[in-house]
1. Among the residues of the range 166-177, what is the count of those that are surrounded by fewer than 20 Cβ atoms within 10 Å (Cβ to Cβ) and either touching a strand residue (DSSP E or B) at 6+ places or on another chain (Cβ under 6 Å) or part of a strand (DSSP E or B) (or both)?
2. I'd like the full set of residues that are open to solvent by less than 30 Å² (accessible area, probe 1.4 Å) and either closer than 30 Å to Gln89 by Cβ or modelled with pLDDT under 75 (or both), limited to the range 30-53.
3. Name the single residue that is least open to solvent (accessible area, probe 1.4 Å) among those in the range 72-83 being of a type outside the set (A, V, I, L, M, F, W, C) and in contact with a Phe, Trp or Tyr (Cβ under 8 Å, 6 or more places away or on another chain).
4. For the list (1) buried (at least 21 other Cβ atoms within 10 Å of the Cβ); (2) assigned to a helix (DSSP H, G or I); (3) touching a helix residue (DSSP H, G or I) at 6+ places or on another chain (Cβ under 7 Å), I need the number of the one condition that Tyr182 fails.
5. Take Met162 and tell me if it is open to solvent by 10 Å² or more (accessible area, probe 1.4 Å) and either touching a residue at least 24 places away in the same chain (Cβ under 8 Å) or touching a strand residue (DSSP E or B) at 6+ places or on another chain (Cβ under 6 Å) (or both).
6. Please determine, by comparing only the residues of the range 113-155 that are polar (S, T, N, Q) and in contact with a Gly (Cβ under 7 Å, 6 or more places away or on another chain), which one is modelled with the highest pLDDT.
7. In this structure, is Glu153 open to solvent by 40 Å² or more (accessible area, probe 1.4 Å), among the acidic types (Asp, Glu), part of a helix (DSSP H, G or I) and in contact with a Ser or Thr (Cβ under 7 Å, 6 or more places away or on another chain)?
8. Is it fair to say Thr138 is touching a strand residue (DSSP E or B) at 6+ places or on another chain (Cβ under 6 Å) and surrounded by fewer than 17 Cβ atoms within 10 Å (Cβ to Cβ)?
Amino acid sequence: MSLKVDIRKLELFNKICRQGSIQVADSLSQMSGMDAEIEMAKINFLHIDDVKKHIGDRNAVGISIELTESPYGNVLFLLDPSDSKELAQSMIPGDMGGDDSSGFSSMEKSAIQEIGNIMTSSYIDGWANVLNTTINMTTPTFTYGSTAKIIDEMGGWPDKEMVFVLDSEITTHDTDLDLTVYTFPQLDSLVELVRRIDVDAEV
């Protein structure tokens, strides 16, 4: 299948990522009562080899999902561990309890998983709104540890050549959360969805 897209629709790829990020910040604000804002440093469309270098070898909090409807593929959220811990603690009153072997208390881990549920569903809702479709996904998987472990928990590197990489920062009154979103779409399915959009009405 040809991957050619009307050049006037290229802005849609940026719009998809921006809308997904805005939905994340809005949902976090509603869930926590905190005024969350998101600043997108950059949106890149990278080859998978460059993505592997971008992710590197470090400890992180990873939240991954699989899209079970077009455009299919996988989405991986990577968060800084210390930022994640601060955000979790800001949402839990009182004593956090002792850390387990993963570096997070059970209450912190539960809070981060809930945050992950909100972020992933909001991000995909943003995509669906721009693409004028519905996109179902699997239950998010939470992993803390090396990026290699996180990729393994996601099911290994997806067999995709190109990846959307969104670097952003979520700011609340308590903490700043560095967030990178890696979206591994099935390109032919994504292009088909984009082609259906009325460029004059949508862009």
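The values are calculated or read from the model by the stated rules, or taken from the named source; none is laboratory data. As the structure is a prediction and not an experimental result, all values here were calculated from the model. Here the Cβ positions follow ideal geometry from the backbone for every residue, glycine too, while neighbour counts run over all protein chains shown. Side chains included, ligands, DNA and RNA excluded: accessible areas come from the protein's heavy atoms. Shrake-Rupley method; radii C 1.70, N 1.55, O 1.52, S 1.80 Å.
1. 4
2. Initial filter on the range 30-53 (open to solvent by less than 30 Å² (accessible area, probe 1.4 Å)): 34, 36, 48, 51.
Of everything in the range 30-53, those that are open to solvent by less than 30 Å² (accessible area, probe 1.4 Å) and either closer than 30 Å to Gln89 by Cβ or modelled with pLDDT under 75 (or both) turn out to be Met34, Ala36.
3. Narrowing the range 72-83 to residues of a type outside the set (A, V, I, L, M, F, W, C): 72-74, 80-83.
Filter once more, so that each one left must be in contact with a Phe, Trp or Tyr (Cβ under 8 Å, 6 or more places away or on another chain): 73-74, 81.
Values: Gly73: 9, Asn74: 25, Pro81: 26 Å².
Top of the filtered list is Gly73.
4. (2)
5. Details: open to solvent by 10 Å² or more (accessible area, probe 1.4 Å): yes; either touching a residue at least 24 places away in the same chain (Cβ under 8 Å) or touching a strand residue (DSSP E or B) at 6+ places or on another chain (Cβ under 6 Å) (or both): yes.
Yes, satisfied.
6. Going through the range 113-155, the residues polar (S, T, N, Q) turn out to be 113, 117, 120-122, 129, 132-134, 136, 138-139, 141, 143, 146-147.
From what's left, in contact with a Gly (Cβ under 7 Å, 6 or more places away or on another chain): 143, 147.
On the way: Thr143: 90, Thr147: 94.
Checked the range 113-155; the qualifying residue modelled with the highest pLDDT is Thr147.
7. Working: open to solvent by 40 Å² or more (accessible area, probe 1.4 Å): yes; among the acidic types (Asp, Glu): yes; part of a helix (DSSP H, G or I): yes; in contact with a Ser or Thr (Cβ under 7 Å, 6 or more places away or on another chain): yes.
Here the answer is yes, as Glu153 does meet what is asked.
8. Working: touching a strand residue (DSSP E or B) at 6+ places or on another chain (Cβ under 6 Å): yes; surrounded by fewer than 17 Cβ atoms within 10 Å (Cβ to Cβ): yes.
Answer is yes for this residue.
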